[in-house]
Amino acid sequence: SPRNPEQKIIKRVIALEGDIIKTIGYKKKYVKVPHGHIWVEGDHHGHSFDSNAFGPVSLGLLHARATHILWPPQRWQKLQPMLPPERKPLHREQE
């Protein structure tokens, strides 16, 4: 969590540095993700503590990648990389 680095949160990476993203309720309608940052969002739009609340996140705060859902047991599964089509960046800088 950018507000409390001791707290761990799991979010989906929506955009990488250089991408332009249309935000959901952030103070700016469009954001170009700065160098060394990512844009993260929870799966429950409007009810998630994510970049729409605190902005781009420093790559230095990134600790790991979630690979499986273990709890609750009825949701046990391997996670597949997936970006909802409506959340794709509007523009991606050329590498």
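The values are calculated or read from the model by the stated rules, or taken from the named source; none is laboratory data. Because the structure is a prediction, the values reported are computed rather than measured. Quick reminder, even Gly has a Cβ in these numbers, built from the backbone with ideal geometry, and neighbours come from all protein chains shown. We work out accessible area using only protein heavy atoms, side chains counted, and drop any ligands, DNA or RNA first. Shrake-Rupley method; radii C 1.70, N 1.55, O 1.52, S 1.80 Å.
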Surface per residue (accessible, 1.4 Å probe) for the range 31-95, Å²: 77 Å²
Cα-based equivalent ellipsoid, the chain: semi-axes from gyration tensor eigenvalues, Å: 23, 15, 14
The chain - charge dipole about Cα centre, Lys and Arg +1 at Cβ, Asp and Glu -1, debye rounded to 20: 180 debye
Ranked by how many other beta carbons lie within 10 Å on average, peptides 54-60, 38-44, 81-87 from highest: 38-44, 54-60, 81-87
Under 17 Å from the residue 75 label point (7 Å along Cα→beta-carbon), backbone N, the range 27-60: 41-50
Protein accessible area in the range 12-78, 1.4 Å probe - carbon and sulfur %: 57 percent
Estimated 222 nm signal from helices in the chain, with DSSP H stretches of n ≥ 4 weighted -39500 (n - 2.57), rounded to 500: -500 deg cm²/dmol
Sites residue 10 and residue 88 - FRET efficiency at Förster radius 22 Å, r taken between beta-carbons, to 0.05: 0.60
